[in-house]
Amino acid sequence: MDVIIKKNYEEICNEAVRIIHESWEKKKNLVLGLATGRTPIGVYQRLIELNKKGEMDFSRIITFNLDEYLGLDESHPQSFACYMDKNLFQYVNIKRENIFRLKGKPEDIEKHCQEYEEKIRAVGGIDLQLLGVGRNGHIGFNEPGSSLSSRTRPKALTQSTVEANASLFKNKERVPRYCLTMGIGTILDAKQILLLASGKEKFYAIKGCVEGPITASVPASALQLHPQAKIIVDEEAAWFLDRKDYYKWVYENRLKF
Ligand code: GLP
């Protein structure tokens, strides 16, 4: 696990975009796993800029979204489908047939989840998975207690996640209580993982993710098992890390190895 500590939100977004762009240069039909929430918005803005400047072509890029609220239509303004259109897809030259997302109202939930896993396999797996992290350490919507080998499935949200996401809904009562999410096992199958976190409300999650024991109680800690995981955080999110200076030293000297 590489821990990259940057000064602020702007810098973590720049670093993530640099890595995504580099991966795309090596593989133009890059398979990207995408996240929602406030954290990746700066990344998407920069990707849009690169696309506009002609420096990153999305025509062969394939995407899979991590999760979706159960019960919300694609057209619902708070659905993650709508989020992706609003924050990225409508501004870049991605092909609609290359966008894969979990449905909020599938006819058959189990079948839909299985098919999603099969689609990921059929394109050769996810090359690069972008992640945020919940305050309680969830990744995707894998809440604490999720099996570390879980696959795409429905999950009940915790009360704290419902509260954290309530500001995006007009009324807390309207925040869905259930979701579909890629499992932790699905996420760990990605060839490369970038987890981004900014702000002091994430320090507990980052401490557990990076330096805690690997435990289902902090789902992000499962990334310690991944050979190509990069945790890109700002100073506030890194605040509680014991080996902060070591991570900075390793990063600054990486070219000398
Ligand atoms: C959500 C999403 C996660 C996201 C997390 C943090 O509920 N399902 O994918 O990483 O919460 O969101 P934010 O970046 O807004 O803090």
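The condition of being out of contact with any Cys (no Cβ under 8 Å at 6 or more places or on another chain), closer than 25 Å to residue 224 by Cβ, at pLDDT 95 or above and crowded, with 20+ Cβ neighbours inside 10 Å holds for residue 12. Among the residues of segment 228-244, write down those that are assigned to a loop (DSSP other than H, G, I, E, B) and open to solvent by 50 Å² or more (accessible area, probe 1.4 Å). Passing the criteria: 228, 239, 240, 242, 243. If I filter segment 110-132 for residues that are at pLDDT below 95, open to solvent by 10 Å² or more (accessible area, probe 1.4 Å) and under 23 Å from residue 237 (Cβ atoms), do I get at least one hit? No, there is no match, as no residue in segment 110-132 is at pLDDT below 95, open to solvent by 10 Å² or more (accessible area, probe 1.4 Å) and under 23 Å from residue 237 (Cβ atoms). Of everything listed in (1) in contact with a helix residue (DSSP H, G or I) (Cβ under 6 Å, 6 or more places away or on another chain); (2) within 13 Å of the ligand (Cβ to nearest atom); (3) of a type in the set (A, V, I, L, M), the single unmet condition for residue 35 is (1).
Taking the criterion of being at pLDDT 95 or above, of a type in the set (Gly, Ala, Ser), open to solvent by 20 Å² or more (accessible area, probe 1.4 Å) and in a loop (DSSP other than H, G, I, E, B), would at least one residue in segment 207-215 satisfy it? Don't jump to the end; show me each part of the working.
We begin by selecting, within segment 207-215, every residue at pLDDT 95 or above; these are 207-215.
This time we only want the ones that are of a type in the set (Gly, Ala, Ser), so: 208, 212.
Still in the running and open to solvent by 20 Å² or more (accessible area, probe 1.4 Å): none.
Taking every residue of segment 207-215 in turn, none turns out to be at pLDDT 95 or above, of a type in the set (Gly, Ala, Ser), open to solvent by 20 Å² or more (accessible area, probe 1.4 Å) and in a loop (DSSP other than H, G, I, E, B).
What about residue 41, is it open to solvent by 10 Å² or more (accessible area, probe 1.4 Å) and in contact with a helix residue (DSSP H, G or I) (Cβ under 8 Å, 6 or more places away or on another chain)? So residue 41 passes the test.
Condition check: modelled with pLDDT of 95 or more and crowded, with 24+ Cβ neighbours inside 10 Å. Does residue 196 satisfy that?
Values: modelled with pLDDT of 95 or more: yes; crowded, with 24+ Cβ neighbours inside 10 Å: yes.
So residue 196 passes the test.
How many residues does segment 163-193 hold that are aromatic (Phe, Trp, Tyr) and either at pLDDT below 95 or crowded, with 22+ Cβ neighbours inside 10 Å (or both)? So that I can check it myself, show each step before the final result.
Of segment 163-193, the ones aromatic (Phe, Trp, Tyr) are 169, 178.
Adding the requirement that they be either at pLDDT below 95 or crowded, with 22+ Cβ neighbours inside 10 Å (or both) leaves 169.
Summing the residues that are aromatic (Phe, Trp, Tyr) and either at pLDDT below 95 or crowded, with 22+ Cβ neighbours inside 10 Å (or both) in segment 163-193 gives 1.
If you go through segment 77-92 and keep only what is within 15 Å of the ligand (Cβ to nearest atom) and open to solvent by 40 Å² or more (accessible area, probe 1.4 Å), you end up with 78, 86. Do the conditions hold for residue 223, that is, is it touching a residue at least 40 places away in the same chain (Cβ under 8 Å) and within 14 Å of the ligand (Cβ to nearest atom)? Answer is yes for this residue.
Against the numbered list (1) open to solvent by 20 Å² or more (accessible area, probe 1.4 Å); (2) away from the ligand (no atom under 14 Å from the Cβ); (3) in contact (Cβ under 8 Å) with a residue 12 or more places away in the chain, residue 58 comes up short only at (1). Within segment 141-190, the set of residues being over 14 Å from residue 68 (Cα atoms) and among the aromatic types (Phe, Trp, Tyr) comprises 169 only.
The values are calculated or read from the model by the stated rules, or taken from the named source; none is laboratory data. The structure presented is a predicted model; accordingly, all values stated were derived computationally and were not measured. Backbone-built Cβ (ideal geometry, glycine too); neighbour counts: all protein chains shown. Areas reflect the complete protein model, heavy atoms only, side chains present, ligands, DNA and RNA absent. Shrake-Rupley method; radii C 1.70, N 1.55, O 1.52, S 1.80 Å.
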